[in-house]
Every structure is written in structure tokens, then in C-alpha cells.
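Enquirer: Sharing a structure with you now.
The values are calculated or read from the model by the stated rules, or taken from the named source; none is laboratory data. In this text, all values refer to a predicted model and were calculated from it rather than measured experimentally. Reconstructed Cβ throughout: ideal geometry from the backbone, glycine too, with neighbour counts over all protein chains shown. The protein model used for the area step is the full one, side chains on, heavy atoms only, and it has no ligands, DNA or RNA in it. Shrake-Rupley method; radii C 1.70, N 1.55, O 1.52, S 1.80 Å.
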Amino acid sequence: MTMDDKKRAELMGYLKAKALWVRRETLKIHAISSETRVASSMSDVEIFVALYYGGVLRFDPKNTVWPDRDRLIVSKGHGAISLYPIFADTGYFDMAELTTIGKAGSFLGGIPDPIIPGLETVNGSLGHGLGVACGVALALRKQASNAKVFVLLGDGELYEGSVWEAIMFAAHHRLGNLNLIVDNNKICMLDYCKNVLDLGCIEDKFRAFGWDTSTVNDGHVIEDVYDALMTLKTDTGDRPNVLVANTVKGKGIPQLENDSLCHIKSLKVDEINNLLGVMQ
């Protein structure tokens, strides 16, 4: 049964509103804790919104170890600050906790830690998330679980050899319950990816390694992101899936969008207040 036009329009409107809200809340968090990586946390907003508000992920904030939950492994942990307001909004913890980020005694830091309710794994060092996800996916299959594993990886992480070991492992073991999302914002820590180590066509590389591939041309069009993720969610094949989402690093922040050094740049409080005034 497919969603009728009216329900779909209502859902898309809801998801767009949530994406705007998440962007605003992420900026507020950055105002409190300037060490947070705001540019990296803006490129993946629509992905997180579709996963958590679009019905893609199966989860229970009141039971974070529910065996039947879908797993989200956030490999690009430095770009996951936009998850904090989503976790609070969906009931993993109180909204008031967002104001404590980076403060003594808070479980919210500049890089997410699994002490945070709703977070599955350590997300600091890059290049580890996909390998962990492969182990989780294999274990779930051995348990005859129908839970899916989703992984968010930054395009710069594809420089890591451990990622390609995991890519080979997933294809060899035919982990059809594993879905990788590449946040293809085309900027790594200190420059454009094409200047550091050109990745070429990411989809071609994954196909050569035995993965099924799909692409979202604009990872900020919520309709396209939602449709692509739902396709992964309902796929019943026995090959791992990768979705390459073409995004903009620093999306919604004009002074950071496509700046080759935006990964390491912070905004001043007055800049944030000005953005909040016009971000509607």
C-alpha cells in the first residue's frame, strides 16, 4: 500500500519543518559550545530527520536496548551534533539537557559518546563505524532478526583503509541488512576532497566491490532523501546497500557553505543570532 498524495504532502511538510527546527537548534548548541563542528553537522540534517521523523528507523526512546530496534551507527561523529535536538525531541532525554553541552557533568560533548541515550557506538576516531556496523549486521542475521543497520559515513572517511576492509567484508558475507549512507559534502578537514585525494565516482567503486548503489542528487531535498531511505529500509536483497547523498557542508550558513576550511571554523554568537533571525 502506498501513501496517498495528501498524507505524503503532510509528511513532507512536517519533515521540512523539523529540518528547519533542527538547524536552528544546532546553531543554538553551537552558540553554547563553540568547539562543536557546526558545518559538518549541517550537511546531514535531512538524513537524520528522515530517519527519525519519517518512520525509517524503528526505535524506542524508553528502551534504548530494545532487541528489535534498527541500529544507526554514526561514523562521522564530529558531524552528529544535529542529532542532539532530535534525541531530546523524540524522548531520549530532556530538552533542558541541550543547554548543558560541553559543561562539567554533562553527557553531551563536542563529539558524541555512547553514554548519550540513543547513541549506539563510540564515534570519535573516523573510519571505524562501518566495520562495527558489519559486525552488528552479521550478529543480527545470525539471530534471525529483521532489524536493519544504518551507517552514516563522511566522504572524507573513505580515505581510511579500514573502511574498504569493511566494504569487502560486507559484500563477501552478503549483509543485505546493512545500509550505508555517504554524506558526500565533498569537503574534508582541511580542503576539498578532490584536492586532498580525489574519490572519483563513489558509486562505481562500491559497485566494483559488490554493493548495490543509489544516489540522491540533492541531499537537502527531503522528499528525495525520504524516498531513498525508505527504499533501503524495505529492500529484501542479500547485498549491502550504499546511498550516496550529495550534500553541502555548512548548509544554511552562507559564510560556511562550500568554504574549504569550514570544517574547523566556528561562528561568533552575533553571527549565530543573525542567522537565527533570518532562518525561516
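Enquirer: Against the longest alpha carbon principal axis of the chain, how many degrees, from 0 to 90 and to the nearest 10, is the axis of helix 269-278 turned?
Expert: 70
Enquirer: In region 3-278, if the dipole is taken from +1 on Lys/Arg beta carbons and -1 on Asp/Glu beta carbons about the Cα centre, which of Ala144, Met12, Asn217 is farthest to the positive end?
Expert: Highest projection toward the positive end goes to Ala144.
Enquirer: Hey, what angle do you get for helix 222-234 against the long axis of the chain, alpha-carbon based, 0 to 90 degrees rounded to 10?
Expert: The helix 222-234 is inclined about 30 degrees to the chain.
Enquirer: Placing +1 on the Cβ of each Lys and Arg and -1 on the Cβ of each Asp and Glu in the chain, which of Leu232, Thr90, Leu153 has its Cα farthest towards the positive end of the resulting dipole?
Expert: Thr90
Enquirer: What area, in nm² and to one decimal, does the C-alpha convex hull of region 1-80 cast on average over all directions?
Expert: Numbers: hull surface 27.4 nm².
Dividing the Cα hull surface by four gives the mean projection, 6.8 nm².
Enquirer: Applying 1/(1 + (r/R0)^6) with R0 = 45 Å to the Cβ-Cβ distance of Tyr14 and Lys142, what FRET efficiency is obtained, to the nearest 0.05?
Expert: 0.75
Enquirer: Averaging sequence separations of C-alpha pairs under 8 Å and six or more residues apart, then dividing by the length of the chain, give the relative contact order as a whole percent. Can you show the working numbers first?
Expert: Details: 516 pairs, mean separation 62.7, N = 280.
Computed value for the chain: 22 percent relative contact order.
Enquirer: R0 = 35 Å: FRET efficiency of Trp164 with Asp218, Cβ-based, nearest 0.05? Mind showing how you got there, number by number?
Expert: Working: r = 27 Å, r/R0 = 0.77.
FRET efficiency, Trp164 to Asp218: 0.80.
Enquirer: Determine the order of Asp204, Asp183, Asp198, Asp259 by accessible area, beginning with the largest, at a probe radius of 1.4 Å. Mind showing how you got there, number by number?
Expert: Details: Asp204 85, Asp183 0, Asp198 110, Asp259 35 Å².
Per-residue accessible area, sorted high to low, gives Asp198, Asp204, Asp259, Asp183.
Enquirer: Would you mind checking Lys28/Lys251; Lys233/Lys265; Lys205/Lys249; Lys148/Lys205 for any pair whose Cα atoms are more than 25 angstrom apart? Let's see the in-between values first.
Expert: Working: Lys28/Lys251 15 Å; Lys233/Lys265 35 Å; Lys205/Lys249 23 Å; Lys148/Lys205 23 Å.
Among Lys28/Lys251; Lys233/Lys265; Lys205/Lys249; Lys148/Lys205, the Cα-Cα distance tops 25 Å for Lys233/Lys265.
Enquirer: Once both labels are modelled 7 Å past Cα along the beta-carbon direction, what's the Lys265-Ile32 spacing in nm?
Expert: About 2.5 nm separates the two model spin labels.
Enquirer: Follow-up. How much net charge surrounds Glu120 when only the other residues with a Cβ under 11 Å from the Cβ of Glu120 are counted, with Lys and Arg +1 and Asp and Glu -1? Please list the in-between numbers first.
Expert: Numbers: positive: Arg69, Arg71; negative: Asp70.
Its environment carries a net charge of +1.
Enquirer: Per-residue ellipticity at 222 nm for the chain, helices alone: DSSP H runs ≥ 4 residues times -39500 (n - 2.57), over residue total, nearest 500 deg cm²/dmol?
Expert: -12000 deg cm²/dmol
Enquirer: Got a number for carbon plus sulfur as a percent of region 3-278's accessible area, 1.4 Å probe?
Expert: Numbers: 6200 of 11620 Å².
Exposed carbon and sulfur together represent 53 percent of the surface.
Enquirer: Cα gyration tensor of region 106-208, axes a ≥ b ≥ c as square roots of the eigenvalues: rounded (a/c below 1.5), prolate (a/b > b/c) or oblate? If you can, show how the numbers build up before the last one.
Expert: Details: a/c = 2.47, a/b = 1.14, b/c = 2.16.
Oblate, since a/c reaches 1.5 and b/c is not below a/b.
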